Amino acid sequence: MIWFIIQLFLYLIAVASTLLAIFTALILFSDSDLTLNFNEKFGAKPSTELRGKVVWLTGASSGIGEQLAYSFARCGCKVVLSSRRKEELEKVKQKCVGKMCCVRIVSIKRLPKLVTINILI
């Protein structure tokens with residue numbers, strides 16, 4: 001009986017030391033915080049968490065804003081896109097509509113003529 005307890009104790013120490021080694025490796029070799037890493041690997045997927053949420057993107061006619069618009073549209077978000085270039089925004093709108101989004105244009109003309117924002121909902 002004593003040998004069984006000793007073996008069990010040694011097994012628990014081995015498991016604990018392995019977990020400690022893994023945790024230490026995560027801390028030392030991680031390029032972000034542990035909460036972010038854990039949620040990225042084991043947490044809920046963004047597509048399920050973001051579905052149905054409203055996201056307003058500025059500068060959505062090109063670059064990072066455009067790519068974010070496509071990503072949020074794929075996740076099922078209600079995307080509000082704004083930009084100063086209406087023609088480019090129309091192209092982004094057409095691509096987002098293909099990803100099961102309902103989109104319409106609203107032009108805000110209350111601002112000065114140099115700063116007109118076109119919004120796609």
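A short reminder: the numbers here are calculations on the coordinates, not readings from a lab. Note that the structure is predicted; figures quoted are calculated from it, not measured. Neighbour counts are summed over all protein chains in view; Cβ atoms, including those assigned to glycine, are modelled from backbone coordinates with ideal geometry.
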| request: Can you bin segment 2-42 into rounded, prolate or oblate? Criterion: square roots of the alpha carbon gyration tensor eigenvalues sorted a ≥ b ≥ c, rounded for a/c under 1.5, prolate for a/b above b/c, oblate for the rest. | output: prolate
| When you count, for each residue, the other Cβ atoms within 10 Å and take the mean per peptide, how do 87-97, 5-15 rank with the highest first? | 87-97, 5-15
